Amino acid sequence: MFRKQTVKKILFVILILPVIFIIGAWLHDLFMIKIDTGLVDEYYDILSNVRYEGEGLALDLGCPEGTRPEIILERVKDVIGLPYGVIAGYHGADKPPAYIQNNNGLLTVYYSESLTKIKEIVNVTVHEMGHIYMWNVKKRFPSGFNEEKAVDVSGIYLGLGIQTLNGLTEGFFMTPGGSYHAEQKLFGYLSPEEFGYLLARYCRERNIDPENVFPFLNQTGKEYFGIGISYLERCGKIYATGPTVSGIYWCKECGAKTSVSLDGRLSSIKCSSCGKIKHLNTFSRHFRLFMNKINTAMRLMFIKTDLAIRRAWATIQNKALRGKTKNM
C-alpha cells in the first residue's frame, strides 16, 4: 500500500510535468528556433525593387467549404491585381495538387480531384497565380534561381500570406475508429517557419499590427506566424518601412468585398454591403501563442496517455492469457 505522502508526490509529478512541457515548448518556439532566411530574403528584396505589391493584405477571401474554384481564382487575382483571364480545370492524379497551363492564350489552373478542403485549394491557387506574376518579373532574378521558391515568396509579398499559412496542416486527429494519427500537409517549397517569417516581415515593413493578422489564421498558421515574429525580433535586422496597406475582406454571408484600414488595431469589420459585423479576438499575441501551445500539448499528452493505457491493458490481458494457457 502506498503511503499518503507517496501518493501526493506522484500526483504532484503528474500535474507539474505537463506544465514544464508546455512552458518549455513555448519558450523553445519563441527564443530558440533559427530560420535560414538568406534565400527568401534575397528573393523578397528583388520583388520589393519591382515596386508592385498587390492591392493589399487579404484578410479573408470569404470562401466557406464548397466554394467553387472559379470564385477563389477571381478573388486571388483581385488581390494580386492580375489582368488575365484564368479558368479552372481538374486532373485525376494526386500529384501535383495543381498546375497551370497556357492553352493558346487561355490560362487554366488544373486542380487535383483529391483536394477537398477549401484552405488547400486556396493555398495552391495562390501558388499557381504566383507563377503568372513571376512570368513578368523573372528576368530580374539571377540565372539559375529557384523559381518555385521565388513563387512562394511572391505569394507573401503580394498580400496572400494569411491564405498561404492557413493552407498548412499540422496536428493530431481522432479517427472514427477511436485511434489517433498525426497529419502534416505542407504545400509549397518553403518551410513553415520561412512562410511565418515572411509574413512577419511583410507586416513589419508595412506597419501592420500582428494583432490584425492573428484572428484570421488557423491554429497552425498562428503557431508559425508567432515563430516568425519572434525570430524577426531576435535577429535584429532592420527593414525599410513604407505606408500601411489596406486590408481586403470578403464577407462569407453575401460575398461582398470590403477595404479595411490597417493603420490601427482592428476590433471588428463591418461588411460594406450587408452590414454583417465580424468581431475580432483581441487577446495579446503572447497569451494567444501560449494558449495555442497548451492546446497542442494537452492533445498530444491525451493521445500518448490513451495509447499507454491501451498498451498496458493489452500487456495485462496477454499475461493473463499466457497464465491460463500454462494451467491447462
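The values are calculated or read from the model by the stated rules, or taken from the named source; none is laboratory data. Note that the structure is predicted; figures quoted are calculated from it, not measured. Note that we place each Cβ from the backbone using ideal geometry, even for glycine, and neighbour counts take in every protein chain shown.
Structure above, values below:
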{"item": "Of all residues in segment 40-61 being in contact with a strand residue (DSSP E or B) (Cβ under 8 Å, 6 or more places away or on another chain) and either without any contact (Cβ under 8 Å) to a residue 12 or more places away in the chain or surrounded by fewer than 22 Cβ atoms within 10 Å (Cβ to Cβ) (or both), the one that is farthest from S191 (Cα to Cα)", "result": "E55"}
{"item": "Residues (among the aromatic types (F, W, Y) and part of a helix (DSSP H, G or I)) located in segment 111-139", "result": "Y133, W135"}
{"item": "Restricting segment 206-251 to residues that are assigned to a helix (DSSP H, G or I) and among the polar types (S, T, N, Q), the residue that is farthest from Y157 (Cα to Cα)", "result": "Q219"}
{"item": "In segment 179-192, the residues that are modelled with pLDDT of 90 or more and surrounded by 19 or more Cβ atoms within 10 Å (Cβ to Cβ)", "result": "L190, P192"}
{"item": "Candidate set from segment 113-161 (those that are touching a strand residue (DSSP E or B) at 6+ places or on another chain (Cβ under 8 Å) and among the acidic types (D, E)); member that is surrounded by the most Cβ atoms within 10 Å (Cβ to Cβ)", "result": "E128"}
{"item": "Residues of segment 81-123 satisfying the condition of being among the aliphatic types (A, V, I, L, M) and touching a Phe, Trp or Tyr at 6+ places or on another chain (Cβ under 6 Å)", "result": "A98, L107"}
{"item": "Any hit, segment 189-202, residues being part of a helix (DSSP H, G or I) and farther than 17 Å from E42 by Cα", "result": "yes"}
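Residue-wise test of (1) of a type outside the set (F, W, Y); (2) under 23 Å from the mean Cα position of the chain (by Cα).
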position	(1), (2)
G226	yes, yes
Y231	no, yes
G242	yes, no
Y249	no, yes
K252	yes, yes
